[in-house]
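The values are calculated or read from the model by the stated rules, or taken from the named source; none is laboratory data. Please read these numbers as outputs of a predicted model, since none were measured by experiment. Glycine gets a Cβ as well: all are built from the backbone with ideal geometry, and neighbour counts include every protein chain shown. When the accessible area is computed, the model is the full protein with side chains, heavy atoms only, and any ligands, DNA or RNA have been set aside. Shrake-Rupley method; radii C 1.70, N 1.55, O 1.52, S 1.80 Å.
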Amino acid sequence: MKAGDVGDPRPAPPDAARRLELVVESIRDGLLAVDRQWRIDLVNRCAADMLGRRREALLHADFRQAMEAAVVEGVRQVMEKRQPLSFEHFSNADGRWHDYRLSPSEDGGAVVFFADITERKLASERALLVAQHDSLTGLANRRLLREEAERILAAARRQGQRAAVLFLDLDRFKPVNDAHGHEVGDKLLKSVARRIRRQLRTEDAIGRIGGDEFVVVLVGIRDAADAGRVAANMVARLGRPYRIGSLTLEVGASIGISLFPEHGDSVDALFKRADAAMYRVKRSGRGRFAIFDPAIEAAAPAGEAGMAEQLRAALAAGEFSLDFQPVFASATADVAAAEALIRWQRPDGSQIPPADFLPIAEATGLIHAIGEWQLREACAQQRRWAAEGMDGIAVGITVAGAQFRAPGFAQRVAAIAAESGVDPARLILNVAEEAVAGNVDESARILQELRDAGIAVAIKNFGAGESDVRALARLPVDKIRLDRSFLRPASGAATHAGAGNGHAAADAIIGLGHSLRHEVIAEGVEREADVEYLRGRGVEYWQGFLLGGPMPAAEFAAWWRHRRSAAVHVERK
């Protein structure tokens, strides 16, 4: 008795045509096959749906009449050259983006696969727009400001004009921020940005390049006195009181000035020298401006060398330690990881902020020894926690750009992890986007070596820095970190959870990250509304002072046990 005969319960096997149909319909992309006479002789349901046509109407139709000219031209090239072709195309007919993959077929025709990539493209474009501007003030960020400064200098060279760079840092901003919180501090920064912008002409450039640091590029100044008058007006206007809600706040501004072409012919040189002039103002009383003096630059290396010697001595004397800040799973609020943060406490009890010593460590090459110590200590701490029953907690560590780019970096990290006995899956390396963006191909190779060793990688500042987001999208990483600035709504937006386009920048970065199948870690969570927003967007992890700030290892372990004990007690009730 054969399958399918009367009385035989086995179904008859499908014939070849039916099998082909089943395979074609199982493909999630659109599929069309066209013969050498341009007739469509195969089409799946997905293709018909994306084209908005009935499948029966497409079958045997002229491909040149059914598809847009750009796609027809692509198929023509494949038929003639007998080589595959891939491209992206925006359809004017339905306003959608599609990714096309064309291959020659044996009968002289072609096979066309296509997929709708509109959401991915829109997320990428939104992220690119966000990447050009500071999400808080709406001013140009460092990358866009550099581009505008390059354009201004190029025009000044051609026309024989002069230009000036003003490096501006707020005075007394940190005490205001600490006393009244980040929300008040953010509103103050927006007010400062508005006052600076009102002082400038449309052809001048302005950007926010750091927390309370702004840079202005003045076009077509007459002389140093001209730039000085602009700076003096800024100092005066920025020193006036600010009304933020019911508060009256006062900050000032210190401004350093460099001149083109006297103080440099490049953007980097002019920025560096304006920055040096600003620090001279900070050291000599603040609330003023100063024009760059070459004597400042001549004195700078000695200070840097002195700090380098102190760093070497601190490393030998064991003055560094690690604090750990918990990272929470959004869905459960369980502790999923701990970010290791380096601390330097001198014998006299004073602490040197990482922002003060890490740039010098990187500039002098000491970052390699300090970074290796930090990695070894973080791995050792994870092993100690694992032995104490805290094995589920991964440890994250931030890697400097110079470390990441050093030859053999991935192999060195894998070796240290193996020597310490830590499970590589419990180690997360945080790498800033600027560290990987300079050479994307080389960065991709290093990142893949880390992933092959089982070590997770998270990109910091993804989409918010100076880099090409499309290039970063090619990198083999596991997670992206959403900077705290993205949780602060843009100027004029509401501040409550679900505040419409108040979180447009964060939406773009989160959407792009998820479209690339990366997990997202949000930084700087300080409000319950932040958590509600992040959960609503499917963000996997977050960290911030809302539930836990940085702590020494022993304090972290005690905090974790208390938190877990309290959770078990609640469950038993």
Could you please find all residues in region 147-183 being farther than 26 Å from ARG286 by Cα and basic (Lys, Arg)? ARG151, ARG157, ARG158, ARG162
Name the single residue that is farthest from ILE480 (Cα to Cα) among those in region 321-335 being of a type in the set (S, T, N, Q) and open to solvent by 30 Å² or more (accessible area, probe 1.4 Å). SER321
Just one of ALA387, ALA355, ALA338 is surrounded by 16 or more Cβ atoms within 10 Å (Cβ to Cβ) and either under 26 Å from ALA418 (Cα atoms) or not β-branched (Val, Ile, Thr) (or both); which is it? ALA338
Of these, SER86, SER91, SER105, which one is polar (S, T, N, Q), touching a strand residue (DSSP E or B) at 6+ places or on another chain (Cβ under 9 Å) and in contact (Cβ under 8 Å) with a residue 40 or more places away in the chain? SER105
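Please work out if VAL111 is open to solvent by 20 Å² or more (accessible area, probe 1.4 Å) and over 25 Å from the mean Cα position of the chain (by Cα).
yes
Do we find that ASP94 is in contact with a Lys or Arg (Cβ under 7 Å, 6 or more places away or on another chain), assigned to a loop (DSSP other than H, G, I, E, B) and open to solvent by 50 Å² or more (accessible area, probe 1.4 Å) in this structure?
Judged against the criteria, ASP94 is not a match.
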Subset of region 521-555, residues within 18 Å of ARG481 (Cα to Cα) and part of a helix (DSSP H, G or I), comes to ASP530, VAL531, GLU532, TYR533, LEU534, ARG535, GLY536
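Restricting attention to region 368-378, does a residue exist that is within 22 Å of the chain's Cα centre (by Cα), within 26 Å of ALA313 (Cα to Cα) and loosely packed, with under 13 Cβ neighbours inside 10 Å?
no
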Hits in region 210-234 - residues which are of a type in the set (A, V, I, L, M, F, W, C), more than 19 Å from ALA156 (Cα to Cα) and surrounded by fewer than 20 Cβ atoms within 10 Å (Cβ to Cβ): ALA232
